[in-house]
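Trainee: Below are the structure tokens for one structure; questions will follow.
The values are calculated or read from the model by the stated rules, or taken from the named source; none is laboratory data. On a predicted model such as this, the values are computed, not experimentally measured, just so you know. Cβ coordinates were reconstructed from backbone atoms using ideal geometry, including for glycine residues, and neighbour counts include every protein chain displayed. Just so you know, the surface numbers come from the protein's heavy atoms only, side chains and all, with ligands and any DNA or RNA stripped out. Shrake-Rupley method; radii C 1.70, N 1.55, O 1.52, S 1.80 Å.
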Amino acid sequence: MGELRRDPIVDRLVIIAEERGRRPKEFVRPRSRERVEKCPFCPGNEWMTPPAHLVYLKGKEGVVKVEEGERAEDWLVRCFDNLYPALKPEEHGHHEVIVESPVHDEHIQRARLGQVRLVIEAYIDRVRELYRKDYVKYVLLFRNYGLEAGASLSHAHSQLIATPLIPRAVREEVEAFEDGCPFCRLIEDERRGGRVFYESEGFVALCPYASRAPFEFWILPKRHSPSITDMSGEEVDGFAKTLRETLGAMAELLGDPPYNYWIHIAPKGLDFHWHVEVLPKTSIWAGFELGSGIYINAMPPESASRLMREATRRAHRTS
Ligand SMILES: [Zn+2]
Ligand SMILES: [Zn+2]
Ligand SMILES: [Zn+2]
């Protein structure tokens, strides 16, 4: 018998219908093989992409940030317009690619910590820049990993889409702020309730009560904070470590599954509590889910959280 759950923040229903006896790796289907071609994101192939809005270069005394950079080959992070944008600037939107590393396969779940930190800095720089434009109402940062999660290129990269309106998923969360911050409340409740599987000085990671899929998890700053642009240098370090360790644990536990994550930040001028939502490809959403907006999840988040806690500890010991 399934258990119907409603997300405490937005109007989202989930049916938890546990399938017992399935090991974590059995929730992920075998990966289809990626085509190996000349990679447009690898160093030396910069001519294959539009010129960059932002490049981090190796300087003698640390990282140098260059806007509208030349197509230098000794970059650390590169950010440019998507060649096949979902929204074009003339339609008052932007669709950008953030190449996270010159190393083709340096995905966040196994990246060097310093590199993860640079990726987060690039996120922050791009949000700041795009929020200066009047017509931009929102910037959604997201990462698709693996073909099954929508990544058409296997080089480590994130994307952002800047929109002239606030997406519904964010609007619904904003509406829940009427009597105080629902995420501050959530963190307090979850730390007592036991779905938190990772906690550092500044951040928690938890499997939400109404998880849409097995091993869904969220990362939240403990301090009430509207956007990633509000982070101190220390908090950026803490976030890099949290992102790396939790994604690393998920990769170890599920056998490097395809996944999506996105970062919800405050729309311009509104209060919010920023967070990351991570969804590994552990479910197939079909007619029922798409037609009803109700998700069926075969793994109670309480069990997922316990397994993630163990995996995080294992990953911590070996790193
Ligand atoms: Zn590459
Ligand atoms: Zn809050
Ligand atoms: Zn959210």
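Trainee: What tally of residues in segment 1-52 results from selecting those that are within 16 Å of ligand 1 (Cβ to nearest atom) and of a type in the set (S, T, N, Q)?
Mentor: The total comes to 2.
Trainee: Here's something else I'd like to know. Kindly evaluate SER152 against the criterion of being within 16 Å of ligand 1 (Cβ to nearest atom) and of a type in the set (S, T, N, Q).
Mentor: Against the criterion (within 16 Å of ligand 1 (Cβ to nearest atom) and of a type in the set (S, T, N, Q)), SER152 qualifies.
Trainee: Would you point out the residue of segment 188-203, among those that are surrounded by fewer than 21 Cβ atoms within 10 Å (Cβ to Cβ), closer than 20 Å to ASP237 by Cβ and not hydroxyl-bearing (Ser, Thr, Tyr), that is nearest to ligand 2 (Cβ to nearest atom)?
Mentor: Out of the qualifying residues, it is GLY202.
Trainee: Further question: State the number of residues belonging to segment 11-61 that are hydroxyl-bearing (Ser, Thr, Tyr) and surrounded by 15 or more Cβ atoms within 10 Å (Cβ to Cβ).
Mentor: Taking segment 11-61 and keeping what is hydroxyl-bearing (Ser, Thr, Tyr), we get 32, 49, 56.
Going one step further and asking which of them are surrounded by 15 or more Cβ atoms within 10 Å (Cβ to Cβ), we end up with 49, 56.
Residues that pass the stated criteria total 2.
Trainee: Could you please find all residues in segment 155-197 being within 16 Å of ligand 1 (Cβ to nearest atom) and either in contact with a Cys (Cβ under 9 Å, 6 or more places away or on another chain) or small (Gly, Ala, Ser) (or both)?
Mentor: HIS155, ALA156, SER158
Trainee: Within segment 174-187, is there a residue that is β-branched (Val, Ile, Thr), within 16 Å of ligand 2 (Cβ to nearest atom) and either over 16 Å from ASP7 (Cα atoms) or not in a helix (DSSP H, G or I) (or both)?
Mentor: no
Trainee: Still on this structure, please answer the following. Only residues that are touching a His at 6+ places or on another chain (Cβ under 7 Å) and part of a loop (DSSP other than H, G, I, E, B): list them for segment 77-102, please.
Mentor: Once the filter is applied, which keeps residues that are touching a His at 6+ places or on another chain (Cβ under 7 Å) and part of a loop (DSSP other than H, G, I, E, B), segment 77-102 yields ASN82, PRO85, ALA86, LEU87, GLU100.
Trainee: Please work out which residue is farthest from ALA86 (Cα to Cα), limiting yourself to segment 154-173 and to residues that are open to solvent by 30 Å² or more (accessible area, probe 1.4 Å) and within 16 Å of ligand 3 (Cβ to nearest atom).
Mentor: Among residues in segment 154-173 that are open to solvent by 30 Å² or more (accessible area, probe 1.4 Å) and within 16 Å of ligand 3 (Cβ to nearest atom), the one farthest from ALA86 (Cα to Cα) is GLU172.
Trainee: Six or more apart or on different chains, Cβ atoms under 6 Å: show the pairs whose first residue is in segment 118-145 and open to solvent by less than 10 Å² (accessible area, probe 1.4 Å) and whose second is of a type in the set (Asp, Glu).
Mentor: That search, which allows pairs on different chains as well, returns VAL119/GLU100.
Trainee: Right, something else. Applying the selection to segment 270-290, what residues are open to solvent by 70 Å² or more (accessible area, probe 1.4 Å) and either within 16 Å of ligand 1 (Cβ to nearest atom) or not in a loop (DSSP other than H, G, I, E, B) (or both)?
Mentor: Within segment 270-290, PHE288, LEU290 meet the criteria.
Trainee: Residues in segment 230-283 that are more than 16 Å from ligand 2 (Cβ to nearest atom) and within 23 Å of LEU118 (Cβ to Cβ): how many? Let's see the steps before the verdict.
Mentor: The first filter runs over segment 230-283 and keeps only residues more than 16 Å from ligand 2 (Cβ to nearest atom), leaving 232-234, 236-238, 240-262, 268-269, 278-283.
From what's left, within 23 Å of LEU118 (Cβ to Cβ): 232-234, 236-238, 240-251, 256, 259-262, 278.
Summing the residues that are more than 16 Å from ligand 2 (Cβ to nearest atom) and within 23 Å of LEU118 (Cβ to Cβ) in segment 230-283 gives 24.
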